[in-house]
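Student: Quick one: the structure is below, questions incoming.
The values are calculated or read from the model by the stated rules, or taken from the named source; none is laboratory data. Source: prediction; values computed, not measured. We place every Cβ from the backbone using ideal geometry, glycine too, and count neighbours over all the protein chains shown.
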Amino acid sequence: MKTLANRIQHELQVGQWKHCAIYENELQRLWPLDEKNRKAKIAAFAKEYGFRLSVYRPGLCAIFEEGLNDAAAISSTSIQDGKYSGYRIQSTLDRMEIALATAHRWQTIAKLRWQMVAKLLGVLLRRVASQTTMAFSNCYTLLESSLKAKWHIIRPPAPPTISTHVYEVRPRADKRGVDLISDVLRFGAPWYAGANAVNNAISSAKFRSRSHDAVIRVYNAAGNVIETHEQAGDFKDGEHVAKQTAAAR
């Protein structure tokens, strides 16, 4: 309180208007807004330090002026006219209220402008983000397609798995042995000659398809099937091998 009293006394002695206005944010440091008999306490404070509470507006400010003795108390007419000590109280309050209203107006305008700018920035950022996402998506799709194409060129897809291998043993047109023909032979049809050409071709087919079921058909020169050989593959999966190993132990 002493600090506030010194400030008010300084304003009253040096100030041009011979009064001091203390606004609500400073008053609340000493007297909370909901305090009982707040005005009376502020007036008692002013009287204690030799000045007087002339105007009190809750939530706005309190105006102090130099203290008066009982003989020099101002009349109600002077208060109604708002004239005392060379200044107009009503005019001062008007100026204060106009200033507060103007400040509030500019604050509202600034807030609306900021909201508008923030909204425009939000729209712009969302548009940029959408376009960036679309561009990245297109780049990813093109890159994925390019990599898939290169992968197929570098490593072509594996041929489909054939569960049963089919072989044909056909005599050659030059009558010099037979050819072993099948889709599982990746390097073409091998040629077998000699007296045991057919048996050699059948044995070779069985060996090549020892892990798969196989059907071997032998044709004559007229294109008719004269022999058919079938083989059950002896391929064993990992589970079967593991069971056999465990049984052996």
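Student: Specify which of the listed residues (109, 98, 63) is under 20 Å from residue 25 (Cα atoms) and at pLDDT 85 or above.
Tutor: Values: 109 fails: under 20 Å from residue 25 (Cα atoms); 98 fails: at pLDDT 85 or above.
Criteria check complete, one pass: 63.
Student: Here is a follow-up. Could you tell me whether any residue of the range 83-94 is modelled with pLDDT under 85, touching a His at 6+ places or on another chain (Cβ under 8 Å), hydroxyl-bearing (Ser, Thr, Tyr) and outside any helix (DSSP H, G or I)?
Tutor: Scanning the range 83-94 turns up at least one residue that is modelled with pLDDT under 85, touching a His at 6+ places or on another chain (Cβ under 8 Å), hydroxyl-bearing (Ser, Thr, Tyr) and outside any helix (DSSP H, G or I).
Student: Give the range 33-52 a look and list any residue that's surrounded by 10 or more Cβ atoms within 10 Å (Cβ to Cβ) and assigned to a loop (DSSP other than H, G, I, E, B), or say none. Show your work before the answer.
Tutor: The first filter runs over the range 33-52 and keeps only residues surrounded by 10 or more Cβ atoms within 10 Å (Cβ to Cβ), leaving 33, 35, 37-52.
Hits for the range 33-52 are 33, 35, 37, 49, 50.
Student: Return the residue satisfying two criteria in turn: it lies in the range 14-25 and is in contact with a strand residue (DSSP E or B) (Cβ under 9 Å, 6 or more places away or on another chain) and modelled with pLDDT of 80 or more, and of such residues it is farthest from residue 61 (Cα to Cα).
Tutor: Looking at residues that are in contact with a strand residue (DSSP E or B) (Cβ under 9 Å, 6 or more places away or on another chain) and modelled with pLDDT of 80 or more, I get 20.
Student: Still on this structure: Given the criteria at pLDDT below 85 and among the hydroxyl-bearing types (Ser, Thr, Tyr), does residue 204 qualify? Spell out how you get there, then give the answer.
Tutor: Details: at pLDDT below 85: no; among the hydroxyl-bearing types (Ser, Thr, Tyr): yes.
Considered against the rule, which asks whether it is at pLDDT below 85 and among the hydroxyl-bearing types (Ser, Thr, Tyr), residue 204 comes out as no.
Student: May I ask you to list pairs of residues, at least six apart or on different chains, whose Cβ atoms are under 6 Å apart, with the first in the range 19-30 being under 15 Å from residue 9 (Cβ atoms) and the second being in a helix (DSSP H, G or I) and β-branched (Val, Ile, Thr)?
Tutor: 20/8
Student: Out of all the residues in the range 209-218, is one or more farther than 19 Å from residue 185 by Cβ and at pLDDT 80 or above? Outline the logic, then answer.
Tutor: Going through the range 209-218, the residues farther than 19 Å from residue 185 by Cβ turn out to be none.
Within the range 209-218, none of the residues are farther than 19 Å from residue 185 by Cβ and at pLDDT 80 or above.
Student: Another question, if that's okay. If I ask for residues that are over 19 Å from residue 192 (Cα atoms) and either crowded, with 16+ Cβ neighbours inside 10 Å or of a type in the set (Lys, Arg) (or both), which ones from the range 215-233 would you list?
Tutor: Correct list: 231 only.
Yes or no, residue by residue, for (1) in a strand (DSSP E or B); (2) more than 58 Å from the chain's Cα centre (by Cα); (3) at pLDDT 85 or above; (4) closer than 20 Å to residue 226 by Cβ:
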residue: 128; (1), (2), (3), (4): no, no, yes, no
residue: 140; (1), (2), (3), (4): no, no, yes, no
residue: 148; (1), (2), (3), (4): no, no, no, no
residue: 170; (1), (2), (3), (4): yes, yes, yes, yes
residue: 173; (1), (2), (3), (4): no, yes, yes, yes
residue: 184; (1), (2), (3), (4): no, no, no, no
residue: 188; (1), (2), (3), (4): no, yes, no, no
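Student: Additional query: What about residue 180, is it modelled with pLDDT of 80 or more and part of a loop (DSSP other than H, G, I, E, B)? So that I can check it myself, show each step before the final result.
Tutor: Numbers: modelled with pLDDT of 80 or more: yes; part of a loop (DSSP other than H, G, I, E, B): no.
No, not satisfied.
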